[in-house]
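One structure is given here, and the rest of the page talks about it.
The values are calculated or read from the model by the stated rules, or taken from the named source; none is laboratory data. Not measured: the values here are computed from a predicted model. With ideal geometry, Cβ positions are generated from the backbone for all residues, glycine too; neighbour counts draw on all protein chains shown.
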Amino acid sequence: MRSFYISLVSEFYKSRKTLAFWAAIILPLVVCGLVSFGFYTNADKILNLNYPPMMLWLRYIGAALGVMGILILPFYVIFMAFSVNNIEHKNDTWKTLFAQPLNKLSIYAAKYFYAVILVVICLFLFGVLSFAFGHLLQALVPRYNFNQYDPSPLLIKFYIKLFLSSLGILSIQFILSLLWGDFLKPMGIGFVGTIMGIITGNLGWKYAYLIPYSHPSLVLSSSSSAKNLSNPANIEIFNQAIYTSLIYAVALFVIGYFIVTKKSIK
């Protein structure tokens, strides 16, 4: 456990100034800020639609979720997984890393877990800022009725499901970034996979769940029915896409460990 903790702290210090680290904070701030700015500048138009409190929140949350869940989350995970491992590729420090008197599994697990933490931070901030900016809009435009409905249960379930759905993508990209140190190969494969996932997920192809890059789209579409939105208790955390994502994550984590230990003795 001590080896894992030391390795995890080391990952933080190595990457705390990288774009991948700061993007976990900046992306939620920018996206939620832009959505809120749109609601503020178009307040009269939105108020004329006479949305009830729940529908107003759904319209607001959906604007951020649609962009983030389908597009931003997969691309952030792809870039972040590359960035975490590129530190070792760029400095040619794989052998040095594994020459330390620390358990190899702990070193590898800490690197993977650090990537997971960055995803958690990003999604947590999306949820918190969506809630906070909604109430800020209420203060700036008192005619809104955000304060008459609590979207917390909905936000929590949506973002937990998005986190679980991203683990399959993270595991694939983590392995690709272990295999190749250049930017184009893992990013190119990730880009093609994301486009394929968005298309197959949105078209409702019955085998789309087998493509990890489709899982965020499938999660959003399966949880966005009127029945689920009107009663968040109806939203099930675990479904076919989530189970498949977790299976990919576990299997590829094990495969990645063997890949990285082989790299350490080259």
Unique residue being part of a helix (DSSP H, G or I), over 21 Å from Ile156 (Cβ atoms) and of a type in the set (Ser, Thr, Tyr) when the list is Tyr13, Tyr60: Tyr13
Residue check for Leu229: touching a Leu at 6+ places or on another chain (Cβ under 8 Å), modelled with pLDDT of 90 or more and assigned to a helix (DSSP H, G or I): no
Filter result (more than 23 Å from Leu220 (Cβ to Cβ) and in a helix (DSSP H, G or I)) within segment 38-57: Tyr40, Thr41, Ala43, Asp44, Lys45, Leu47
Sole exception among (1) within 29 Å of Ser165 (Cα to Cα); (2) among the β-branched types (Val, Ile, Thr); (3) surrounded by fewer than 17 Cβ atoms within 10 Å (Cβ to Cβ) for Thr96, by number: (1)
When residues of segment 1-11 are limited to those that are surrounded by fewer than 14 Cβ atoms within 10 Å (Cβ to Cβ) and not β-branched (Val, Ile, Thr), the one farthest from Ala109 (Cα to Cα): Arg2
Any chance Val84 is touching a residue at least 24 places away in the same chain (Cβ under 8 Å), assigned to a helix (DSSP H, G or I), surrounded by 15 or more Cβ atoms within 10 Å (Cβ to Cβ) and out of contact with any Phe, Trp or Tyr (no Cβ under 7 Å at 6 or more places or on another chain): no
Filter result for Leu49 (modelled with pLDDT of 90 or more, out of contact with any Gly (no Cβ under 9 Å at 6 or more places or on another chain) and either surrounded by fewer than 14 Cβ atoms within 10 Å (Cβ to Cβ) or not basic (Lys, Arg) (or both)): no
Phe79 vs. criteria on the phi < 0 side of the Ramachandran plot, of a type in the set (A, V, I, L, M, F, W, C) and surrounded by fewer than 18 Cβ atoms within 10 Å (Cβ to Cβ): no
